[in-house]
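The values are calculated or read from the model by the stated rules, or taken from the named source; none is laboratory data. Predicted model, so just to flag it, every value in this text is computed and none were measured. Using ideal geometry, Cβ is built from the backbone for each residue, glycine included, and neighbour counts are taken over all protein chains shown. Note: areas computed on protein heavy atoms with side chains; ligands, DNA, RNA excluded. Shrake-Rupley method; radii C 1.70, N 1.55, O 1.52, S 1.80 Å.
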Amino acid sequence: MIAAALLSAGCDRQGASDTLLVDYQRRLAEALATPPPSPSPPDNIPAFPEPGERLFEIPETREGLLDVHALRRCHITTLVAERNSTLGRVAPPSQRWHYELELWRRLEACRESEVAEELGEADRARLERLTTTKGEQLARVGWNTLLGSSEWVGNFSRASRPLAPRGVADLAPHLAALDYLETATRNQFNRDWQLDTSTLEGHLKTLQESPLSARLLRTLMLTNQRLAETNALLARQLHQGAACEHRDALRRVSEEPLNSRVQPFITTLAEQTEAWFGALDRLYDAHEVARAPIRDYHRRWFSLETPDTPWAEFQAAHATHEALWDRLRQACGLDQGA
């Protein structure tokens, strides 16, 4: 009773996907007349880097009121006042990004206008210095906007559960959120493109609805664990030559839990993981600057190209599983008539 209760608690934590895979293992073991594997819990997903590891330190730019007032024809005084207000100081990262974008663009436009030519030498030097400083900081501000938002950090929550066997009900809005973030990042130095803060915050809210990065990674790690256990079972029975004693039962397992439920789950997981991880790749690649701990974290756990990632392990485990079943079908004549 205690063992059964512990197994039930484990399945509750892992969710319906684990129930599906463990049931498949059990039915396959019964058809092979051998004990099923003892399901081991997969490792937890890795912790997201702490703020000190993922964010850039950006020194605050300080100018006196009279100095800023001298640049009033650059149309920055109201903007600076809003940023320095009580609300401005507690604004979310998305609004701070918009402020920095707008400030740099106004300074850049002013530097290229006749206003700059009419300024005194000290004010013209100040305009040049401010424009250069804000331009140099902008890429880091964009990075901090993403990596400093609670919505983004929450997307990698270790408390997340695996996905259901059907996967994400509708991935499109979540992919659209990553696409907008990528577009905004690639166009932050494009003065013809405007960041819409309401659109940005709407997409961040979509990301907050479900921590898909964590859930997909957890589902991959769970599936990899169960496939490894099942592959070991199949390989052992094939090696011992004891796999074909109950051919009809094996055929039923192949047709029902494997082809009807497990394979659709694996196909959906592969498609949605590839789409999501690919979008993460493009978003990070859009940033001109990045903190090394985040690059390393992404490369180790979410890359589609790096070896020894959960995605690479999943592809290898699935390929091995299909190859073992091909050997089983051939050895036992499962594709032939009764």
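Restricting the first member to segment 26-53 and to residues that are within 29 Å of R251 (Cα to Cα), and the second to residues that are acidic (D, E) and modelled with pLDDT of 95 or more, the beta-carbon pairs closer than 6 Å and six or more apart or on different chains are P37/E229. Scanning segment 166-190 for residues that are surrounded by fewer than 13 Cβ atoms within 10 Å (Cβ to Cβ) and part of a loop (DSSP other than H, G, I, E, B) gives R166, A169, D170, N190. One residue alone among S149, S160 is in contact (Cβ under 8 Å) with a residue 40 or more places away in the chain and within 18 Å of Y99 (Cα to Cα), and that residue is S149. Could you tell me how many of the residues in segment 317-338 are at negative phi and either surrounded by 15 or more Cβ atoms within 10 Å (Cβ to Cβ) or in contact (Cβ under 8 Å) with a residue 12 or more places away in the chain (or both)? Residues flagged as at negative phi and either surrounded by 15 or more Cβ atoms within 10 Å (Cβ to Cβ) or in contact (Cβ under 8 Å) with a residue 12 or more places away in the chain (or both) within segment 317-338 amount to 13. When you scan segment 198-213, how many residues do you find that are polar (S, T, N, Q) and surrounded by 16 or more Cβ atoms within 10 Å (Cβ to Cβ)? Count: 3. For segment 290-303, the set of residues classified as touching a helix residue (DSSP H, G or I) at 6+ places or on another chain (Cβ under 8 Å) and either over 16 Å from M221 (Cβ atoms) or without any contact (Cβ under 8 Å) to a residue 24 or more places away in the chain (or both) consists of A290, R291, P293, I294, R295, H298, listed by residue number. Under the condition of being touching a Ser or Thr at 6+ places or on another chain (Cβ under 7 Å) and either charged (D, E, K, R) or closer than 29 Å to T223 by Cα (or both), the residues counted in segment 167-209 number 6. Residue-level analysis places E313 among those that are part of a helix (DSSP H, G or I), surrounded by 15 or more Cβ atoms within 10 Å (Cβ to Cβ) and charged (D, E, K, R).
Per-residue answers, yes or no, for (1) over 30 Å from R54 (Cβ atoms); (2) touching a helix residue (DSSP H, G or I) at 6+ places or on another chain (Cβ under 9 Å):
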position: E274; (1), (2): no, yes
position: A279; (1), (2): no, yes
position: D285; (1), (2): no, yes
position: P307; (1), (2): no, no
position: W311; (1), (2): no, yes
position: Q315; (1), (2): no, yes
position: H318; (1), (2): yes, yes
position: W325; (1), (2): yes, yes
position: R329; (1), (2): yes, yes
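Checking each residue in segment 259-271 for being open to solvent by less than 30 Å² (accessible area, probe 1.4 Å) and out of contact with any Phe, Trp or Tyr (no Cβ under 7 Å at 6 or more places or on another chain) picks out F265, I266, L269, A270. Looking at W97, W143, W152, just one residue is touching a Gly at 6+ places or on another chain (Cβ under 9 Å) and either among the acidic types (D, E) or within 24 Å of L195 (Cα to Cα) (or both), and that residue is W97. Scanning segment 112-133 turns up no residue that is closer than 28 Å to T199 by Cα, among the charged types (D, E, K, R), touching a helix residue (DSSP H, G or I) at 6+ places or on another chain (Cβ under 8 Å) and without any contact (Cβ under 8 Å) to a residue 40 or more places away in the chain. Among helices (runs of 4 or more DSSP H) entirely within segment 31-128, having at least 2 residues that are open to solvent by 40 Å² or more (accessible area, probe 1.4 Å) and in contact with a Phe, Trp or Tyr (Cβ under 9 Å, 6 or more places away or on another chain) singles out 77-84. Candidates Q237, Q225, Q194: the one that is open to solvent by 50 Å² or more (accessible area, probe 1.4 Å), more than 22 Å from R282 (Cα to Cα) and either modelled with pLDDT of 95 or more or not hydroxyl-bearing (S, T, Y) (or both) is Q225. Residues being in a helix (DSSP H, G or I) and farther than 30 Å from R26 by Cβ are represented in segment 211-233 by at least one member.
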